[in-house]
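Structure first, then comments.
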Amino acid sequence: MALKNLHGRVAWIFPEKDFDVDDIVGVANIKLKDPVKLAEVAMSDFDPGFAAQVRPGDLLIGGENFGYGHPHYPPMIAMRQLGLSGVVAESFSPGYWRGEIAMGFPQATCPGVLGIVSRWDMVEVDWTACLFRNLTTGQNLPIEPLSQGDRKMLDNGGLIGYLHARDLEESK
Amino acid sequence: MGATIAEKILARCAGLDRVSAGQDIRARPDFVIAYDFPGYTDVIFRQMKDEFGIDKVTDPSRFALFIDHMVPAVTPAEEELHQITRDWGAAQNVPVFERKGIGHQVAAELGYATPGAFAVHFDGHISQLGTYGTLAIGLRRHLLEAFVKEHILITVPHTVRVNLTGTLQTGVMARDVFHHIVRVLGPSSCRFKVLELGGEVIDALSLEGRQAITCLAMFTGAITAVINPDEKALAYAAPRARADIEPVFSDPDASYAAVYTIDVTDLEPVIVVPPSPANTENLSDHLGTEVQVGYLGSCASGRLEDLRIAAQVLRGRQVKPGFQLNVVPTSQEIMRQAAAEGLITDLVAAGAFVTSSSCDYCFGRLGVMSAGQRAVSTGTLNVRGRMGSRDSEIFIVNAAAVAAAAIEGRIADPRRYL
């Protein structure tokens, strides 16, 4: 199983610096565990029609230091439940990044991305070419390469798969 | 080219002569630390056994568990979680430290802040062990790797060096220094890097003050903070060290991603305005805002110097009627010393509610606020809903300013009471 290129529409743009992802489900819902319930409340403060409009494969776009604060897991559990396939941001806060990569949720750092996307553009993340492509406008930007560990984690669908892969590698 | 303290520690743990920033290595943590929390420790214990078929961790003396959240338990489920932790520790021969205080502080007291050691936790505030020249990193769920593998895959981080110069004015504390660093450098200035602190201000600060600063490294974007251990740090940490490791120090010609010098001579007490730890402003711009709750405690603050200055402010005065001042010493050892010094007597006489050490006031499990209430706090964080209703607000200030606000029922300048 290898990391696939991301291909979908821009479902939402969070242009704010230091965006606190907990706001996606609201602090009041941060202890919810059920992905279905989380998906129901996700984005209600931003766009009540969000869940009805997104399609599997869609992506989120973020600004600088996306995920700052004390990020929790439920917001992106909700997003995965809705079919979102990853996040592309100007830059990420390390705690958030580490947490979501361990969940196997692709994240791509793309300085300048906010300048070349509009909501519902069709976009693509090409991990091999290290490129973010806006297929609607034809504009491209480089993405930062993943570290060896992060790549292995995403290739194996997250932390558990990654550790099993390490087991296999080390038993050879 | 020389090496940073972080590079030297990771090189030793990877069994290499030297490593450089950006290099992917397999490093063996000297200590693997966690507090019990649902979704973390219970899941790690289960996955270790069910997913990987591992019954016992390798070398249990490297591991330490703390029970500091949900203390005391208020539901049977919370107590069940603690029992899972106690049982696991007993079966694994891993020590479980309970009711001794907030784990990150107790870890230092018990010698896990071994100079030159590499420690991992899931929680980022473990960074405060960096006060003693320990490289301590919060891995979130990735901590599982350290439970099922002796070595973890890690990218050697770059280091940002911050030199603090000048002298602190009366009423300006370590917390003000940290939040000023965020104001000057920005909340993403050290992303994925190690924040290495030094200079005459750090030299002059107490170990307690240094812990307040290193504890909060994550709000600069750093993955941890570290200070090259001086005589003061070694005198505390070396005799209680849990592992036989040589302290290491950054070379004068080490390579840094950036070097900043910040002069703090003109710094006045600050306030971190909700709802983000990125919002440092001058306290003097917020005087008079009504507040109903004060929290003096947390893994960042709540140590003897915090209790001393609060007692100094409150001695011979009274907390304003209706104001809730919760004082939670960071550890039971600190509580004992505060009692021996008479600080607890002073605080209680002034109307403070002083409780045994626990993490629970910091994250909204105890002492919660209703909609519309505002707190002054030395807690770690001021995001929405952190201490109760999402329509309550948290203003982060130093310990003296919490005490001053408790007297006046509004945000107040502590310097007039010192």
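With the alpha-carbon atoms of the range B:22-131 aligned to their principal axes, the span from lowest to highest coordinate is 45, 33, 25 Å, starting with the largest.
Only Cα pairs under 8 Å and 6+ residues apart enter the sum, and on that basis the relative contact order of the range B:271-417 stands at 35 percent.
The B:Asn282 and B:Arg315 beta-carbon pair, evaluated with R₀ = 35 Å, returns a calculated FRET efficiency of approximately 0.85. Helical content of chain A, expressed as a calculated mean residue ellipticity at 222 nm, amounts to -7500 deg cm²/dmol (DSSP H runs of 4 or more residues, -39,500 (n - 2.57) each, divided by residue number, nearest 500).
How big is D, in µm² s⁻¹, for the range B:271-417 by Stokes-Einstein at 10 °C and 1.306 mPa s if Rh is the Kirkwood radius over C-alpha pairs?
D = 109 µm²/s.
With a Förster radius of 25 Å applied to the beta-carbon distance between A:Cys130 and A:Glu16, the computed FRET efficiency rounds to 0.45.
Take every DSSP beta bridge whose two residues both sit in the range A:6-171, then give the antiparallel share in percent to the nearest 5. Bridges in the range A:6-171 that DSSP calls antiparallel: roughly 50 percent. Cβ crowding within 10 Å, taken as a proxy for footprinting-reagent exposure, orders A:Lys33, B:Lys49, B:Lys320, A:Lys172 from fewest neighbours to most as A:Lys172, A:Lys33, B:Lys49, B:Lys320. Taking 7 Å steps out from each Cα toward its Cβ at A:Met122 and B:Glu231 produces label points 7.1 nm apart. As a proxy for reagent exposure, ranking B:Asp68, A:Asp47, A:Asp150 by other Cβ atoms within 10 Å from fewest up yields A:Asp47, A:Asp150, B:Asp68. Its convex hull of Cα atoms gives chain B a direction-averaged projected area, equal to a quarter of the hull surface, of 19.0 nm². Of all lysines in the structure, the ones whose alpha carbon falls short of 16 Å from that of B:Lys56, not counting any fewer than 8 places away in one chain, are B:Lys149. In the protein assembly as shown, the DSSP beta bridges split such that about 30 percent are antiparallel, to the nearest 5.
Take A:Thr137, B:Thr220, B:Thr155, B:Thr134 and order them by how many other Cβ atoms sit within 10 Å, fewest up front.
A:Thr137, B:Thr155, B:Thr220, B:Thr134
Modelled spin-label separation between B:Phe363 and B:Gln169, with each label point placed 7 Å from Cα along the Cα-to-Cβ direction: 3.7 nm. Computing FRET efficiency as 1/(1 + (r/R0)^6) for B:Arg240 and B:Ala73, where r is the C-beta to C-beta distance and R0 is 35 Å, gives about 0.75. Sorted largest first, the principal axis extents computed over the alpha-carbon atoms of the protein assembly as shown equal 69, 54, 52 Å.
When the Gaussian network model of chain A links Cα atoms closer than 10 Å, the mean-square fluctuations of A:Ser85, A:Ser147, A:Ser93 top out at A:Ser147. Peptide A:87-96 shows a mean partner chain C-beta count of 4 within 10 Å per residue C-beta.
Counting residues in the range A:39-83 as N, plug N into 2.2 N^0.38 Å and put the Cα Rg over that result.
1.18
For the pair B:Ala258 and B:Leu418, label points projected 7 Å from Cα toward Cβ lie 2.9 nm apart.
Rounded to the nearest 5, what % of DSSP beta bridges with both residues in chain B are antiparallel?
Within chain B, antiparallel bridges account for around 20 percent of the total.
Both radii were evaluated on the Cα set of chain A; the Rg over Rh quotient, with Rh as the Kirkwood radius, amounts to 0.96. Report the residue, chosen from B:Pro274, B:Pro76, B:Pro329, that carries the largest GNM mean-square fluctuation when chain B is represented by alpha-carbon nodes joined by springs under 10 Å. Answer for the Gaussian network model of chain B: B:Pro76.
Every number here is computed from the coordinates shown, using simple stated rules; none is lab data. Predicted model, so just to flag it, every value in this text is computed and none were measured. Here the Cβ is made from the backbone with ideal geometry for all residues, glycine too, and neighbour counts use every protein chain on show.
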